[in-house]
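Read through the structure below, which is laid out as structure tokens, and then see the notes.
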Amino acid sequence: MGRVLGVDWGGRRVGLALSDPSRILASPLPNLVRRGSLQEAASALIAQIKRSEADLIVIGQPYYLDGSKSPMSLEIDALVELLLAELSIPYILWDERLTTTQADRHLKASGLNRKKRAQAVDSLAAVIILQSYLDRLVSASQHKTQIL
């Protein structure tokens, strides 16, 4: 099977999560702090992807609640083009609606103050994105449906 890297692309930070080789469990990785242009941030992400040795990338795609694309969705489309130019690893865009909200609520319930929540929310959102994908894999295999 191989590892899957989950990405929660944000304006300030990029949350990352990595699966175990059997694609059952998502674990957080340190965030990437975005600096510079989209190209510079993409280069930092590409370096992280190469270090992770993942053979699939799941990128959170932030749609509006009505299903239309948000401005960040358009940036992610541009990011994907940059990734495709440098990597031969397949990717999946995964609906990430409300994952950051879900992550923030979880961290708030655990008693973290606002500053610590801000530092952890992106990696937890990446874990939620990736774990939802991994759970879908298990469900699909139980129902004999195939997804990447």
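Tabulated data for the structure shown
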read-out	value
Residue match in region 58-74 (condition: of a type in the set (S, T, N, Q), modelled with pLDDT of 90 or more and more than 16 Å from the chain's Cα centre (by Cα))	no
Those residues of region 15-28 which are in contact with a Ser or Thr (Cβ under 9 Å, 6 or more places away or on another chain) and either surrounded by fewer than 19 Cβ atoms within 10 Å (Cβ to Cβ) or more than 21 Å from Pro90 (Cβ to Cβ) (or both), in sequence order	Asp20, Leu25, Ser27, Pro28
Which listed residue is surrounded by fewer than 18 Cβ atoms within 10 Å (Cβ to Cβ), out of contact with any Ser or Thr (no Cβ under 8 Å at 6 or more places or on another chain), closer than 22 Å to Leu84 by Cβ and basic (Lys, Arg), from Arg51, Arg12, Arg35	Arg51
From the options Ala78, Ala41, Ala26, Ala47, residue that is touching a residue at least 40 places away in the same chain (Cβ under 8 Å), among the small types (Gly, Ala, Ser) and closer than 18 Å to Ser123 by Cα	Ala26
The listed residue being part of a strand (DSSP E or B), closer than 23 Å to Ser132 by Cβ and of a type in the set (A, V, I, L, M), out of Val80, Val58	Val58
Matching residues in region 1-55 - criterion: being part of a helix (DSSP H, G or I), of a type in the set (Ser, Thr, Tyr) and in contact with a strand residue (DSSP E or B) (Cβ under 6 Å, 6 or more places away or on another chain)	Ser52
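The values are calculated or read from the model by the stated rules, or taken from the named source; none is laboratory data. Owing to the predicted nature of the structure, the values given are computational and were not obtained by experimental measurement. Glycine also receives a Cβ, built like all others from the backbone with ideal geometry; neighbour counts cover every protein chain displayed.
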